[in-house]
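To start, the structure itself, in structure tokens.
The values are calculated or read from the model by the stated rules, or taken from the named source; none is laboratory data. Predicted model, so just to flag it, every value in this text is computed and none were measured. Here the Cβ positions follow ideal geometry from the backbone for every residue, glycine too, while neighbour counts run over all protein chains shown.
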Amino acid sequence: MRRRSQVVKATVCKTVIPRFKSWRRLHMVGAMNIPQFPQFKDLSLEDKKLLVPLFHEMKPEISDCNFTNLFMWQDFYQIKITRHRENICLFASADNTPERQFFFAPLGHHEIKETIADLFEFLQDNNCQPIIRRVSEQFIKQHASELSCFKVVQDPDISDYIYRTEDLIQLKGRRYHGQRNFISRFKKKYSYTIEEITSENAPECIEFCRQWLAKKIERFQELNMPPEAYVFLKAEVAATNKVLKHWSVLDVRGMLIRIDGKIAGLSIGELLNPEIAVIHVEKCDHTYLGISQFICQEFCKRFWAFCKYINRMEDLGLETLRKAKMALGPHHMGLKYNIMPL
């Protein structure tokens, strides 16, 4: 007899976010330990107290405007932080990633045109392509007049897929016929339980991710794929483990599924703004038919039902990932742009 999964009480994360009368005041209070441009320091956990309020004020819908996302990928992108013209600037300094070196959009409202020009000059002086990547549509619209002297290009490969939470929970209509069937088969076939991820079971989640990666690499080797083909998989697991190791101090919530007592899948998410949650991580052992469809629905139902939308991040230009994300019927895209000199 299949055991009924235990009910996880869904509670809203209540992050204490300080209120500031102005960005200038915020910088004076929170940026004292951030070096002045062109000096940088590595992004670290101590920068959370500065960046979380900034992102909170923005009410973003894209995943890049989120501290956890930046922190978990800091090692891969070698993200550094500086302050310039009363703005906070983040620099992805790794030269061995698909996007190479780039700046994120400045966080602030002061002399944006001049700030971007200075960042371009820095990149050119260091023999890098002058580019600001992963820029939100919100930023483009807000600073349209100041960006008129630059080239702004939409980047569909890294734009986020945003879904109605109601759609992912209820799965109504012909579009979701396949998802409903997979979930039904999963429930009938497997004896499962569901738990909330905590600091106590996080080490077990890390071990699950290690095994997940080993199976992926073994499969890639069977297909004679070159080692560079799974560099991103290794980085993805390292980023996930970083979140799990710092679980108690990040504003994340997570859910794991056990089948016959062993972890078979997990998902980790967080509020981007009061209406949108972002799914940072979703990992499953696909030998269990229907587990990915089941964990997607259950995580939304148990933890994010109060949200209007769910951001499930980008497809990275991968056709198989794009088809899978489109099959879930996104409500709209969280568009991202690149800014370059004319």
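Quick look at the values:
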read-out: Pairs, first under 15 Å from Ala144 (Cα atoms) in the range 88-116, second among the aromatic types (Phe, Trp, Tyr), C-beta under 6 Å, six or more apart; value: Ala105/Phe139; Gly108/Trp23; His109/Trp23
read-out: Enumeration of residues in the range 245-263 that are part of a helix (DSSP H, G or I) and touching a Ser or Thr at 6+ places or on another chain (Cβ under 9 Å); value: Trp247, Ser248
read-out: Hey, Arg134 within 25 Å of Ser44 (Cα to Cα), buried (at least 22 other Cβ atoms within 10 Å of the Cβ) and among the charged types (D, E, K, R) or not; value: yes
read-out: Matching residues in the range 189-200 - criterion: being in contact (Cβ under 8 Å) with a residue 60 or more places away in the chain and within 18 Å of Ser267 (Cβ to Cβ); value: Tyr190, Tyr192, Thr193, Ile194, Glu195, Glu196, Ile197
read-out: Enumeration of residues in the range 140-174 that are more than 26 Å from the chain's Cα centre (by Cα) and either among the polar types (S, T, N, Q) or closer than 20 Å to Leu328 by Cα (or both); value: Ser145, Ser148, Lys172, Gly173, Arg174
read-out: Any hit, the range 226-243, residues being among the small types (Gly, Ala, Ser), crowded, with 17+ Cβ neighbours inside 10 Å and under 22 Å from the mean Cα position of the chain (by Cα); value: yes
read-out: Residues being buried (at least 20 other Cβ atoms within 10 Å of the Cβ) and in contact with a strand residue (DSSP E or B) (Cβ under 6 Å, 6 or more places away or on another chain) - total across the range 301-329; value: 9
read-out: Qualifying position, being charged (D, E, K, R), touching a Phe, Trp or Tyr at 6+ places or on another chain (Cβ under 7 Å), farther than 29 Å from Asp47 by Cβ and in the same structural domain as Thr165 (by TED's automatic domain parsing), among Lys325, Lys283, Lys262; value: Lys325
